[in-house]
Amino acid sequence: MGIVFKQSFSNLVITYIGFAIGAVNTLFLSARFLSDTYYGLVGVILATSAILMPVMALGVPNTLIKFYSSYKDERSKDSFLFLMLLLPMVLIVPLGLFSYVANEAIGAFIGQKNAIVEDYVWHIFLIAIAMAYFEVFYSWSRIHMRSVFGNFMKEIFGRCLIFLLLFAVYLDYISVITFMHALVGVYLLRTLIMKLYAFSLRMPKVNMRFPSNLSSLLTYSLLIILGGSTAVVLLEVDKFMINQFVEIEKVAYYTVAVFIATVIAVPSRAMHQITYPMTAALLNGKDREGLAVLYRKSSLTLFIVSGLIFILIILNLEDLYLLLPENYRGGFYIVLLIGLARVFDALLGNNNAILYNSDYYRAILWLGVLLAVLTVFLNWVLIPKIGITGAALATFMAVFVYNLLKVVYVKIKLGLQPFSRDTFRVFLLLGGVVFLFFYLQFPFHPLINITLKSFLIAVVYTAVLYRFRISEDVYNLLTRIFPGKS
């Protein structure tokens, strides 16, 4: 776990810095410097682009990670990598032509409830392309076990530029319309820099001799589109569908609540940057025992960390909302539902990596179809009835079903499951901390209240983890931090 810990820790630090900048952008600057309408518009554009991204990437990011370690000679690797660069264009080109021809019809569809969206079809398309190729180049670096720079570009670089752009709007250096155009430029620039870094690790060579397993590559890439799209759909389709049913301002309010809950996913995102290629290598090497260990350890570690973040958010949410504009308050149930969904994701450890990189990856196709249909259906039913809280409930229900099916499937096919007695002990610890601190309130400024309560919660939580050695990895880490206590 040495390389996992080292790069996961670096990615964790980078990701949290990125989320801190994102928190400032999302919770404070955008909520104050953009009108509710334009803030909602940004949410719709980015959500729709994210939904399109897996389709435009054509499954290449996952294909790179699954197959690269299986090639042994340099010529085969060059042939494989060159194909991976070209493959996304198979869908990007026809989709681009379709968008050009049917621009007005597309705009009318996505803007039927909120007409302002109609003028931003090309913003959505260009950002989707940038997102797709960014993930390709990011995977290019990850297969060389270099995930830190890509994580910096993904989590920090773009958010810093958006931070500057928001202040430019506030100071009247640029208009809101210019900000919307510049948003596209941010994503394109990020992708260009990621490309240069990826090519510095291994420069692609033109090789028109396709790999001998071309059929397997194409089959996997095509099938993984739906499977790989599922996680994105679960995260983003709610914002798209809110735009279809209610006023676009509600997207802004929902975005703030979802961002608060999404902080819980940071540890998972950081660890997965390196556990994905490691899982692929273990599967290719048929190391079942090593895979089982990685599965259990990743699940327990992520549950411990994500669970702590979840209770910190829920127990401090009342004070946190006092720091936001009044329009953005009142999303407790959205944060609770999305937060629970993110904790369940963390509890699965590297389950996704196992499914994507095993011989059973076709199951992702069927699970992806089921979840896409279920998610859209639930949003379609619940949003008109209970508004944006319905979108959160739809997401929670879909994530619960999806994750439960994945756990059962991996257990049946590979005989692996991520849970242990320690999982139950962490669950009891989380419940005990919530019971202990739920009614504790300080009479100070919200920031002071959040700081005090968070400190007390973290001390109690960490002390129990250490005293009972619930996780050996966490215990060893705490022993290194506090050597005098070992």
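Key figures
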quantity: Given (1) open to solvent by 10 Å² or more (accessible area, probe 1.4 Å); (2) in contact with a helix residue (DSSP H, G or I) (Cβ under 8 Å, 6 or more places away or on another chain); (3) farther than 23 Å from residue 368 by Cα; (4) part of a helix (DSSP H, G or I), number of the condition residue 112 does not satisfy; calculated: (4)
quantity: Residue match in the stretch 450-464 (condition: in contact with a Gly (Cβ under 9 Å, 6 or more places away or on another chain) and either open to solvent by less than 30 Å² (accessible area, probe 1.4 Å) or among the small types (Gly, Ala, Ser) (or both)); calculated: yes
quantity: Those residues of the stretch 331-355 which are within 20 Å of residue 412 (Cα to Cα) and open to solvent by less than 10 Å² (accessible area, probe 1.4 Å), in sequence order; calculated: 348, 349, 350, 351, 353, 354, 355
quantity: Count of residues meeting criterion [in a loop (DSSP other than H, G, I, E, B) and more than 25 Å from residue 202 (Cα to Cα)] in the stretch 76-109; calculated: 1
quantity: Residue in the stretch 354-363 that is under 23 Å from residue 256 (Cβ atoms) and either touching a residue at least 60 places away in the same chain (Cβ under 8 Å) or in contact with a helix residue (DSSP H, G or I) (Cβ under 8 Å, 6 or more places away or on another chain) (or both) present; calculated: no
quantity: Among the residues listed as 159, 146, 190, the single one being open to solvent by 70 Å² or more (accessible area, probe 1.4 Å) and either touching a residue at least 24 places away in the same chain (Cβ under 8 Å) or more than 30 Å from residue 72 (Cα to Cα) (or both); calculated: 146
quantity: Selection count where residues are of a type in the set (Lys, Arg) and under 30 Å from the mean Cα position of the chain (by Cα), scope the stretch 436-468; calculated: 1
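Conditions tested, residue by residue: (1) of a type in the set (A, V, I, L, M, F, W, C); (2) assigned to a helix (DSSP H, G or I); (3) surrounded by fewer than 19 Cβ atoms within 10 Å (Cβ to Cβ).
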| position | (1), (2), (3) |
| --- | --- |
| 278 | yes, yes, no |
| 283 | yes, yes, no |
| 286 | no, no, yes |
| 297 | no, yes, no |
| 300 | yes, yes, no |
| 304 | yes, yes, no |
| 308 | yes, yes, no |
| 315 | yes, yes, no |
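The values are calculated or read from the model by the stated rules, or taken from the named source; none is laboratory data. Predicted, not measured: the structure shown is a model, and the values here were computed from it. Heads up, the Cβs are rebuilt from the backbone with ideal geometry, glycines too, and the neighbour counts pull from every protein chain shown. We work out accessible area using only protein heavy atoms, side chains counted, and drop any ligands, DNA or RNA first. Shrake-Rupley method; radii C 1.70, N 1.55, O 1.52, S 1.80 Å.
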